[in-house]
Structures are given as structure tokens and as C-alpha cells.
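Peer 1: Okay, here's the structure, questions in a sec.
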Amino acid sequence: MSKSAKAVSLRRWSLLGCLVLPLPTWAAAQLQTPAQRAAVELNEVTVTARHRPEASQDVPISLTVLDGEALGAAGLHRLQDIQERVPGLVVSGHNERYAGFGLRGFGATAYNDGLDPSVGTFVDGVYLGRQGMAFAELLDIERIEVLRGPQGTLFGKNTSAGAVNIVTRQPTFYTQAAAEATVGDHGTRQYRASLSGPLVDGVLAGRLSAFDSERDGLVENLEDGAQLNALDSQGARGQLLWTPTEDFSVRLIGERGQQEQPGNVLLNSQYSRETRQRAAFNRYALLPSDPYRREIRLNDPITSETLQDGLSLETNWALSPDHRLTSISAYRDWRFTGDRDADNTALSISQVDTDLGHRQFSQELRLSGAATPQLDYVVGLYYLRQQFDRKIGVRFGDQAAAWFLGDRPELAAVGITGPARIPGNLLGGARQAFDGEQTGDSRAVFGQLSWHPFDPLELTAGLRYTAERKSAWISREVTNLSPLGPDLISQVGGPLLREVALGSDYYRRDSINEANLSGLLGLSYRFDPQLLGYASWSRGYKAGGINLEVIGTQVEPTYDDERATSLEMGVKSRFWDERASLDLAVYQTDVDDYQALTYSQPKDALTPPPRDNLLNVGKVRLRGIELDSVWRLHERLDLRLGLAWSDARYVDFANAPCAPGSGQPSCNLDGQRLYNAPEWSGTAGLDYRHPLDAGLEAFGALDHSFRDGAYATLEGGEGSWQPAYGLTHLRAGLRRADGAWEVEGWVRNLFDTQRITAVYALLGVGDYGVLPGDPRTLGMTLRTRY
């Protein structure tokens, strides 16, 4: 750092010190009465992370709690958006099939249909078997609890990286209604509403919530002028709450969601040498590899649609004042369909149709309570049945043969320098059908005890036994091949090209059967009413699985389970006369047999490498520090600050794939940073309220988040780098002080920051497609409540 830069940095820190250090003195001068003091105290945040209501400051876990009302006010209606409020959380994927969640630097890999999530997502206690099921819009949310580190002794499904626990609002025995309408740039239109109230006074209550959200496309197809990457989603949730007695309740939840993404495209960030050669051979002008131009040239339609239905029944029975029995039965049906121009060009090369279906049934039975005044407990049984169906069809066009042969120097040697001499029927009209099915059963018994030998000290122990069983089959069938012509290219090159590009008929059946024992040991000590310290050791597990892709001789059909061992220490404090809170955690997590996805080296010069190679990395180590804080600077002004530093590195990965174009068969990545693991991420926000006459109130908010750059793929190709970025959002408005109505104007991405939100390897080694984030968007929202 230069001397001038150091001087600027020192001045900034000096200014910060001048602003922050006098705050207690300034605030004390403002607090003259108990009523004034109460007005600036932080509200207590209640969570159920340990299946009992308690203040978040009393839970010896690194967690971030997001208030549903605050998320709605900020316009954060998708899980992709909440990473702006949770340092260390990475949400990636350009649609529901490719969704991925990562915490503390690992887990954000979901590009293979056979891969389970490392970060478990739960909605009202129901585990979602595919991370894409959580890409639906958030609707009528009470709060979201993000728990970092292995979770399993309290949840039905074991997770190795952490858990995202989404809690929706329950029916109420008083009438409650809310509605909002939003309009904005790029055709943004959102409508949300909820209605709750008694159906039978004191016995039966209901709640109905719905939303409709649209946005125009942000990418122009230069081939036909169409606008691509539009959004169109709708959803509804209905609930019934039956409370025949004070000790017994039943909550029935039914929901349905639909999301369409017309023109769900990825924009090229990097062309490989082979792709440039093929384009030159075919006299095709590639567009610049600049995704921020938001332009593409496609000749085939691109669509995707997701449908999801869910039904759950939660029963709670207070067996006594100290013991509660909970049962959660749930069914989920998720379907993804899509068409994709697989070559990402205006040439007639290949088109892919996808039809995926996921059905699951889960049953959790949990007993919790206090065995003695000093001993709290949770014990449970869990069962999950999943079935996944997969149908993928690939259609090849008349220009496919010339494209795939376009980088072969042998053609020029025999005088073929353009596509005209290559018969289109070598591949044109051919079809590949990839079918598959996977079924899985997960059974578990789990429990956790919290013992208070004396008041300030709590000792925690948990244990979990899990049995996993999966079986799957996958097939490939090649049809609709045209007869080969009599010319030399057809007779000599045709069979070889078809073997390379299409392959032959294929069938494989695999299964796994495994068991795991994991657990938790922890202690916490309350030094005073405002300061809690804790330390824990935990072990997390994620089942192995089956590669649901056609594989070659260099790729294993199955992969091993993933095990994470975590050590964590932290403090949680409230200070400054209850006007500030600060949570600080340090951790180290060792992950054995980390499950990752990459491509594998080709077996020869003609054969393209498989891009869906699931493998186990020998060992990965994660170290980091996490900080969350909230400050009530004034009764009208709140500040929140969050920061995460993550040092995620490969420890044992000597035979790793290399970046495309390196020319090496393998690379030693020991000591290198893990992919999808930004080193720094943070969030900050200011909320201001100012009372006016006639019962009105003006308000405003400024939010900022940032994250470091990182490679989004294991092999680290040049086009897979996600640069660092920062996002700033601004909103201001007017409302009734009692919350009956409010109107606000807002700007998202105030400085029109360019950023990449998803990366995917396209056809060919070294070709990458990316999804750029939304540009600056202005709009207005009107809300009303009753």
C-alpha cells in the first residue's frame, strides 16, 4: 500500500472513530426517562433453532436471523436475494435445476441431478430434497434462520455445511390482512396479499397467501429481436390451524407455485480455442465474450418452467407442561421442464429438452421438553422417501457435423476448408434420449441434551444415526440416424463422428447402501446477562450418491459420502444499555471426501470430455471469522453490520483437473483456494424513521452488500471467474405511524454495478456461460395492512 493510500485509510478510520466512540455519551444525553430508554432498546429476536422458543442471543450456534417483514420491506422475495443479508452465504444457479447453496465456503455445487445439497433447506420443518425447490419466491414469511456449520442432531435430515430454516406465518385467531403492489423498470410487476382470521372462534383459524410476479427480459436475441431472461411466477399457500384444546393443535398447509423463465439464457464469458476454430471453419461470427452487453444470437427457443406442490400436516401435543410431541408429515411434488439451445449460437447444431420430476414423502416424530429443571432434551425419528425421474432429449441439426469437425486440421490437409463439403446428414436429424430414475430412502434417529449443572453453564451433547439407501438407472438411446452417403467423408469420417458425438446405446444400474454416526459436543457459559460464550465440536454427514450422467472409463459411477468435522468458538453480547448486539464466531471445518463436480480429461483427441464428473476431493479445510451486529443508534435510526472472512482451501487434492487449455493431464491443487468460496463478504444497512404531523411517518433505508471474487468451477477456467462486486439499494417513503398503509420509492443496484450471479460450462472445454445480475431498477411499492 502506498503512503498516500495509507494516509487515506488512516483518515477514514479516524473519522469512523470520531463518529462511533462518542455514541454512548451522546445517547446517554438523549435518555432522560425510562420510556425514552425503552424506545431505543433493541427488540429481542426469538428463534426455534433448537425446537423451543428462545432468544437468538441464548443459542450457542453461529446463526443469522432475518425478519420476514424486514425482508419484504426491502423487496427481498427470493432466496437468491437473502445472501445480501447473510455474510458467508452463496446462492448460485441460473434456474431451478442448477440451484446451489454454500455456507462457510463449501456446498454451492448442484449441477448434477444425482447430487444432494450440503446446505439443507427446511420450510416449516419440512426438508426440501432438491435445492431448486427453494428457488421459488418467498411468501408470507415470519423469519429465516441461517444456521452455520454441520446440523443433524436437531433436524430430520443431516447437513454437512449448515441449514436454512424458513418459518412462514401461521393462521391467527384475529382478522389480519395485508396487500402490496409494486411496479418498476423493465416491466417489473409484483402483487402480494394475505388474509388470516378465525373460522370457528377459538378453535379453527385459516390463512391464505398469494403472489404474482413478472419482469420483462433483459437480454436481446439479435436473431429475432426477442427479449430473453424474463420472469413470470405465481404461487399460493392455504393453511388451517385447529386447536380443539390448549394442549393440542393441528396445522395443515397446502401450497402451489409456478415459475416460468422465457428465454433462460447464459451469455458467453469465454470461448475456447476449439470453439473459435470451429466458428472460423463455419464462417460464423461469434459475438464478443462480453456478458454485460446482454446480447445473444440464438435460432432455437429457450424456455423453462417449474411447478411445485406441497402438503404438510404438523401436529403438536403437550403431553404435560414440560413435554411436547410433534409430528410432521409432508409430501412434495416438483417438476422442471425446459428447452435449451445447447450450442448458444444461431447455427443449427443441437437443441436439448429436459423433463425432471421429483417426489418426496417425509415423516418426522419428535419429543422435546425438560426432563428435569436442569435438563432439556430433543429426541426424534425421521424417514424420507424420494423418487427422481429424468428425461432428456437432444436433437442435432444439419450444421452439427460441420461444427464438430471444424477444429480438425486433417480436413485442411485434404482440401476441406469450409462446411460445404461436409454432409449435413452425418448428424442432422439424429436424436439422443437420456432416461433415468433414482429412488432413495433415508432413516434416522437423533437426539440432543442440554444440561445446566449450575445456572451460567450449559453442556450440550447430541447424537445421530443415519441409514441411507439409493438405487438408480440411466440409459442412452440413439435414434433417427440418416443413411451415410457414398462420398469419402461420409464413409470414412461418418462412423467415427457419430461414435464421438452421439455414442452408442447405453445402460447402467447402480446402488449404494451406507450408514453414519455423527454428533455434537458443546458448552456455553453466561458470564453476565449480556455476554454468552460458547465452544462446540460437531460432525456433519452428507450421503454419497450415483452419477446420473453417461460416464466414460475415467469417471466413477458412484461417489462417497461427505463428512465435515467442525470446531467453533464464539461470543454473543448485548451492551450499551441493550441498544447494541454483537455476535462473533471463529471456526475450523475439515471436510473429508468433499463432493465436487468438474469435467474429466478426454480419452483421445476427438472425444469431448464429460462435463459432469462427480468426484470426491480428499480433504478440504475451512477457517474463518463471522461477525453480526445490530445497533440502535437512536430511537429513529438502526444500523446493522455483518462480515465474514473465509479461508477455504484444498488440503489433499494432488490429482485434480487442470484449467482448460493448460495441456496438463492433472494438477496439484493442495493449498489452493476452494471454488465458489469468496474470501470476504459483508453487509451493512441503515434504517431511519421520522415522525410527522397527522399520525404520519417518513422513512428511508440504505443497504449495501459486497463479496470477493472467486472461481465458480473446480477446474478454474478463465471464463468461470466471478469478479468481486458491491451492491447498494436505496428506498424512501411515507406511511401511517400505525402501519395501516405506506408508499415508497426504491432503487435497487443504485450504482448500476455489473456482476455475475451464475456460471456454467457450455458445450466444449473452456467455453463458459454466465448470468449477469440485474441492472439498476427503479420502482414504487404501495402496501396496506389491517
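Peer 1: Hey, what do the phi angles of region 265-273 turn into as Karplus ³J(HN,Hα) couplings, whole Hz, using 6.51/-1.76/1.60 and θ = phi - 60°, x for Gly and Pro?
Peer 2: Once θ is set to phi - 60°, the couplings for region 265-273 become 10, 10, 9, 5, 9, 7, 9, 6, 4 Hz.
Peer 1: Which FRET efficiency value, to the nearest 0.05, is calculated for D738 and S629 with the Förster distance at 25 angstrom and r the Cβ-Cβ distance?
Peer 2: Result of the calculation: an efficiency of 0.25.
Peer 1: Keeping every protein chain present and rolling a 1.4 Å probe, give me the accessible area per residue for the chain in Å².
Peer 2: I get 42 Å² per residue for the chain.
Peer 1: Just by accessible area at a 1.4 angstrom probe, what is the order of R508, R464 from largest to smallest?
Peer 2: R508, R464
Peer 1: Also, quick follow-up: Counting only residues 5 or more places away or on other chains, whose amide H sits under 5 Å from the amide H of I756 once H atoms are built in the peptide plane?
Peer 2: Long-range HN contacts for I756: G773.
Peer 1: Relative contact order of region 394-551: what whole-number percent is it, with Cα pairs under 8 angstrom and at least 6 residues apart?
Peer 2: Relative contact order comes out at 24 percent.
Peer 1: Might you work out the accessible area of L702 for me, using a 1.4 Å probe with all protein chains in place, and round it to the nearest 10 Å²?
Peer 2: Accessible area of L702: about 80 Å².
Peer 1: Keeping all protein chains in place and using 1.4 angstrom, which order do F361, F699 fall into by accessible surface area, from largest down?
Peer 2: Solvent-accessible surface, decreasing: F361, F699.
Peer 1: Counting only C-alpha contacts under 8 Å and six or more residues apart, can you give the relative contact order of the chain as a whole percent?
Peer 2: Relative contact order here is 11 percent.
Peer 1: Could I ask something else about it? At a probe size of 1.4 Å, how large is the accessible area of F404, to the nearest 10 Å²?
Peer 2: Accessible area, nearest 10 Å²: 40 Å².
Peer 1: Through the Karplus equation 6.51 cos²θ - 1.76 cosθ + 1.60, θ set to phi - 60°, convert the phi angles of region 727-735 into ³J(HN,Hα) values in whole Hz; use x for Gly and Pro.
Peer 2: Rounded to whole hertz, the list is 10, 10, 10, 9, 8, 8, x, 9, 8.
Peer 1: Below 8 Å between Cα atoms, with a sequence gap of 6+, how large is the relative contact order for region 216-331 in percent?
Peer 2: Normalised by residue count, the contact order of region 216-331 is 29 percent.
Peer 1: Using amide H atoms built 1.01 Å from N in the peptide plane, name the residues 5+ places from L674, or on other chains, whose amide H lies under 5 Å from its own.
Peer 2: For L674, the qualifying residues are A648, R649, Y650.
Peer 1: Another one. Given a 1.4 angstrom probe, I'd like the percentage of the accessible area of region 49-158 that is carbon and sulfur, rounded to a whole number.
Peer 2: 47 percent
Peer 1: Probe radius 1.4 Å, ligands and nucleic acids left out: which of E568, E679 has the largest accessible area, and how do the rest follow?
Peer 2: E679, E568
Peer 1: Related question: Report the accessible area of I489, computed with a 1.4 Å probe over the heavy atoms of all protein chains in place, in Å² rounded to the nearest 10.
Peer 2: Rounded to the nearest 10, that gives 40 Å².
Peer 1: In terms of modelled amide H atoms, which long-range or inter-chain residues lie less than 5 Å from the amide H of N264?
Peer 2: Close amide H contacts, sequence-distant or interchain: N229, T303, S304.
The values are calculated or read from the model by the stated rules, or taken from the named source; none is laboratory data. None of these values were measured; they are calculated from a predicted model. Using ideal geometry, Cβ is built from the backbone for each residue, glycine included, and neighbour counts are taken over all protein chains shown. Accessible surface areas use protein heavy atoms only, side chains included; no ligands, DNA or RNA. Shrake-Rupley method; radii C 1.70, N 1.55, O 1.52, S 1.80 Å.
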